[in-house]
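The next block holds one structure in the form of structure tokens; read it before the comments.
The values are calculated or read from the model by the stated rules, or taken from the named source; none is laboratory data. The shown structure was predicted, so the numbers you read here are calculated from the model rather than taken from an experiment. Don't worry about glycine lacking a Cβ; one is built from the backbone with ideal geometry, like all the others, and counts go over all protein chains shown.
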Amino acid sequence: MDTTYNGWRNHATWVIGLHLMDTVVCWINDDLGSWGTTDDLEAATDLFRELLAEQMEMSAIATFPLLWELLDTSDVDWYSLGRHALDAAGVPELVKA
């Protein structure tokens, strides 16, 4: 039985990717020359986390505690999102030495 959500690990991962993937891929492409190290995956996952935090800070959601309660990012597969963004930007996967 398929337990994924639209090809992603779960709904939380899918919805973050749906709304933030294009922006993260653009950011990676804008500075493509600095990518290509063994720390790329961690850096890409950080971009998603930072962008989500920035979006939340800029939105009015901060004034609605109920909406904060409904937004659960604890189950987001950040590494899957980061790997997908790197792949979409054409950054090769490097193996740590």
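Points worth noting:
- Looking only at the range 1-27, and only at residues there that are surrounded by fewer than 18 Cβ atoms within 10 Å (Cβ to Cβ) and polar (S, T, N, Q), the one that is nearest to the chain's Cα centre (by Cα): THR23
- Single residue of VAL25, VAL15 found to be at pLDDT 95 or above and either more than 13 Å from ARG83 (Cα to Cα) or of a type outside the set (Lys, Arg) (or both): VAL25
- Candidate set from the range 50-97 (those that are modelled with pLDDT of 90 or more, among the hydrophobic types (A, V, I, L, M, F, W, C) and part of a helix (DSSP H, G or I)); member that is surrounded by the most Cβ atoms within 10 Å (Cβ to Cβ): ALA85
- Only residues that are out of contact with any Gly (no Cβ under 9 Å at 6 or more places or on another chain) and not in a helix (DSSP H, G or I) were counted across the range 7-34, and they come to 4.
- In the range 28-48, residue surrounded by the most Cβ atoms within 10 Å (Cβ to Cβ) [restricted to those that are within 14 Å of ALA89 (Cα to Cα) and acidic (Asp, Glu)]: ASP40
- When THR3 is tested against (1) touching a Lys or Arg at 6+ places or on another chain (Cβ under 9 Å); (2) at pLDDT 95 or above, only condition (2) is not met.
- Only a single item in (1) farther than 13 Å from GLY82 by Cβ; (2) in contact with a helix residue (DSSP H, G or I) (Cβ under 8 Å, 6 or more places away or on another chain) is not met by ASP30, and it is number (2).
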